[in-house]
Amino acid sequence: MAKISIKDVHKNYGSLNVLKKFSLDIEDGEFVVLVGPSGCGKSTMLKILAGLEPASGGTIAFGDKDVTDLAPGDRDIAMVFQNYALYPHLTVAQNIGFGLKMRKMAQEEIDRRVADAARTLAVDTYLQRKPKDLSGGQRQRVALGRAIVREPQAFMMDEPLSNLDAKLRVHMRAEIGALHKRVGVTTVYVTHDQVEAMTMADRVVIMREGEIQQIADPDTLFQHPDSLFVASFIGSPGMNFLTARVADSGNGPVVKLFGAEATVAHHDVRGLSEVIVGLRPEHLSLGEGPVSFRVKPTLIESLGSEKYVYFSEGEHHASFSSRNEDENSKGLIARVSHTGTLPESDELVLSFNPENLYLFDPVTEKAI
């Protein structure tokens, strides 16, 4: 195991700068997830870390050793890919132990390590099967086993769960998390799925267009996003955004939302006449509250114990859609606890606490 230090690493393809200066220190045994939309540079960074792609500049160190210019085989890391990369003609046992055999390790030691990894990943009853006889989840466990037996300094995982169905992804997320706790190997994990990032990581690195947007633990990212982009990326369903004018009520600054005034005295809005207001769907409640308003739902989706109530609010609806860059947006959304029936034809009373509002500068898009 090793600490990983990345300093000012960047990548250019000709005049195209796909990865801007990237600096990050990953502690020994830490599980760090790189997450962001497609094309943000996260997979490029992982390939550079693994030695599969040369950096255009910057340095990488594993512990006290500079590995910037080392080949992948000299970095003592293990990769887990999204497509499993198993040899179809080899058995599970042979696939798991293949890397050790290439190192010319003694067969007795190979057998021991393969058996230990197979037990850890619950594939010990499949050791004589071929990959074609396994399910997707079992194949991914074998790919993980092949990485574990190497006993590397670090694991590099490139969207390893993206080929699995939704239910199996949830199960494998838990398995990888439990595996990391057992083996304690430094892990860098790449995904586009913010749920994976939030549930698995010690720290999350959010990227956009080749740049780091924020580095923090999952709770900090959710509760204290640094920017409009981070706030829009983290959370499911995503945060609602509206543009609102700032006014002085005599008792402090307020913003007008849904026809009602909400105090924003706990934010420093001095010098701003307009702000972008963020409100998470789960912070909207059915019934009267500190700030209440009436809506006519445009759509109600039932998830059993809770419901997603979609609604619009005149001019602010267009603002919401453009801020989220989502042409398929169904409108503003409230995530409410309710087990009965909510007819879409009826008006509903929704409410929120002004303390749950997020404010962003409309020019810089930084959190206020």
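Which is touching a Gly at 6+ places or on another chain (Cβ under 9 Å) and open to solvent by less than 10 Å² (accessible area, probe 1.4 Å), of ALA197, ALA231? Spell out the reasoning first.
Working: ALA197 fails: touching a Gly at 6+ places or on another chain (Cβ under 9 Å).
None of the others qualify; the one that does is ALA231.
Residue under question is LYS11, and the condition is that it be without any contact (Cβ under 8 Å) to a residue 40 or more places away in the chain and either open to solvent by less than 20 Å² (accessible area, probe 1.4 Å) or not in a loop (DSSP other than H, G, I, E, B) (or both); does it hold?
On the way: without any contact (Cβ under 8 Å) to a residue 40 or more places away in the chain: no; either open to solvent by less than 20 Å² (accessible area, probe 1.4 Å) or not in a loop (DSSP other than H, G, I, E, B) (or both): yes.
Judged against the criteria, LYS11 is not a match.
From the list VAL309, VAL277, VAL264, exactly one residue is in contact with a Leu (Cβ under 7 Å, 6 or more places away or on another chain) and free of Cβ contacts under 8 Å to residues at least 60 places away in the same chain. Which is it? Quick ask: steps written out before the conclusion?
Details: VAL277 fails: free of Cβ contacts under 8 Å to residues at least 60 places away in the same chain; VAL264 fails: free of Cβ contacts under 8 Å to residues at least 60 places away in the same chain.
Answer to the check: VAL309.
Would you point out which residue out of SER305, SER292 is surrounded by fewer than 18 Cβ atoms within 10 Å (Cβ to Cβ), of a type in the set (Gly, Ala, Ser) and farther than 15 Å from LEU350 by Cβ? Talk me through it step by step, then tell me what you get.
Values: SER292 fails: farther than 15 Å from LEU350 by Cβ.
Of SER305, SER292, the one residue that is surrounded by fewer than 18 Cβ atoms within 10 Å (Cβ to Cβ), of a type in the set (Gly, Ala, Ser) and farther than 15 Å from LEU350 by Cβ is SER305.
Report, by residue number, each residue of segment 30-39 that is modelled with pLDDT under 95 and open to solvent by less than 20 Å² (accessible area, probe 1.4 Å).
Going through segment 30-39, the residues modelled with pLDDT under 95 turn out to be 36-39.
Result: GLY36, single match.
Does any residue in segment 63-79 that is among the hydrophobic types (A, V, I, L, M, F, W, C) come within less than 7 Å, Cβ to Cβ, of a residue that is open to solvent by 40 Å² or more (accessible area, probe 1.4 Å) six or more places away or on a different chain, and which pairs are these?
Pairs found: ILE77/GLN153; ALA78/ARG150.
Got at least one residue in segment 159-177 being touching a residue at least 60 places away in the same chain (Cβ under 8 Å) and hydroxyl-bearing (Ser, Thr, Tyr)?
The answer is yes, given that some residue of segment 159-177 is touching a residue at least 60 places away in the same chain (Cβ under 8 Å) and hydroxyl-bearing (Ser, Thr, Tyr).
Within segment 95-143, track down each residue that is closer than 26 Å to ASP158 by Cβ and among the polar types (S, T, N, Q).
If the condition is that a residue be closer than 26 Å to ASP158 by Cβ and among the polar types (S, T, N, Q), then ASN95, THR120, SER135, GLN138, GLN140 are the ones that fit.
Being under 24 Å from GLU30 (Cα atoms) and more than 27 Å from the chain's Cα centre (by Cα): is that true of ARG113 here? So that I can check it myself, show each step before the final result.
On the way: under 24 Å from GLU30 (Cα atoms): yes; more than 27 Å from the chain's Cα centre (by Cα): yes.
So ARG113 fits the description; yes.
For SER345, only one of the following conditions fails: (1) open to solvent by less than 10 Å² (accessible area, probe 1.4 Å); (2) modelled with pLDDT under 90; (3) hydroxyl-bearing (Ser, Thr, Tyr). What is its number?
SER345 satisfies all of (1) open to solvent by less than 10 Å² (accessible area, probe 1.4 Å); (2) modelled with pLDDT under 90; (3) hydroxyl-bearing (Ser, Thr, Tyr) except (1).
For segment 174-200, what are the residues that are more than 12 Å from the chain's Cα centre (by Cα) and assigned to a helix (DSSP H, G or I)?
We begin by selecting, within segment 174-200, every residue more than 12 Å from the chain's Cα centre (by Cα); these are 174-188.
Scanning segment 174-200 gives ALA174, GLU175, ILE176, GLY177, ALA178, LEU179, HIS180, LYS181, ARG182, VAL183.
Results for (1) modelled with pLDDT of 95 or more; (2) not small (Gly, Ala, Ser), shown as yes or no for each residue.
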| residue | (1), (2) |
| --- | --- |
| MET157 | no, yes |
| SER162 | no, no |
| ARG169 | no, yes |
| GLU175 | no, yes |
| LEU179 | no, yes |
| ARG203 | yes, yes |
| MET207 | yes, yes |
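Being over 22 Å from GLN82 (Cβ atoms), touching a helix residue (DSSP H, G or I) at 6+ places or on another chain (Cβ under 7 Å), assigned by TED's automatic domain parsing to the domain that holds PRO290 and not polar (S, T, N, Q) is the requirement here; does PRO237 meet it?
Numbers: over 22 Å from GLN82 (Cβ atoms): yes; touching a helix residue (DSSP H, G or I) at 6+ places or on another chain (Cβ under 7 Å): yes; assigned by TED's automatic domain parsing to the domain that holds PRO290: yes; not polar (S, T, N, Q): yes.
When the stated conditions are applied, PRO237 passes them.
Identify, please: which residue in segment 59-82 is assigned to a strand (DSSP E or B) and under 30 Å from ASP165 (Cα atoms) and is, among those, nearest to the chain's Cα centre (by Cα)? Before you say what the answer is, go through the steps one by one.
Step one: filter segment 59-82 for residues assigned to a strand (DSSP E or B), giving 59-62, 65-66, 77-80.
In the following step, the residues that additionally are under 30 Å from ASP165 (Cα atoms) were identified as 77-80.
Numbers: ILE77: 22, ALA78: 21, MET79: 19, VAL80: 18 Å.
The residue in question is VAL80.
Which residues, counting only those in segment 11-31, are within 15 Å of VAL205 (Cβ to Cβ) and in contact with a Ser or Thr (Cβ under 7 Å, 6 or more places away or on another chain)?
In the first step, residues of segment 11-31 are kept if they are within 15 Å of VAL205 (Cβ to Cβ); the result is 19-27, 30-31.
Result: LEU19, ASP25, ILE26, GLU30, PHE31.
For segment 14-58, which residues satisfy the criterion of being free of Cβ contacts under 8 Å to residues at least 12 places away in the same chain and assigned to a strand (DSSP E or B)?
Hit for segment 14-58 is LEU16, nothing else.
Restricting attention to segment 292-335, which residues are among the aliphatic types (A, V, I, L, M), at pLDDT 90 or above and within 24 Å of the chain's Cα centre (by Cα)?
Of everything in segment 292-335, those that are among the aliphatic types (A, V, I, L, M), at pLDDT 90 or above and within 24 Å of the chain's Cα centre (by Cα) turn out to be LEU332, ILE333, ALA334.
Take PHE258 and tell me if it is in contact (Cβ under 8 Å) with a residue 40 or more places away in the chain, of a type in the set (Phe, Trp, Tyr), open to solvent by less than 60 Å² (accessible area, probe 1.4 Å) and under 29 Å from GLU209 (Cα atoms). Step through it out loud before you land on a result.
On the way: in contact (Cβ under 8 Å) with a residue 40 or more places away in the chain: yes; of a type in the set (Phe, Trp, Tyr): yes; open to solvent by less than 60 Å² (accessible area, probe 1.4 Å): yes; under 29 Å from GLU209 (Cα atoms): no.
So PHE258 does not fit the description; no.
The values are calculated or read from the model by the stated rules, or taken from the named source; none is laboratory data. What you see is a predicted model; the values in this text were computed from it and never measured. Every residue, glycine as well, gets a Cβ built from its backbone with ideal geometry; the counts of neighbours run over all protein chains shown. The protein model used for the area step is the full one, side chains on, heavy atoms only, and it has no ligands, DNA or RNA in it. Shrake-Rupley method; radii C 1.70, N 1.55, O 1.52, S 1.80 Å.
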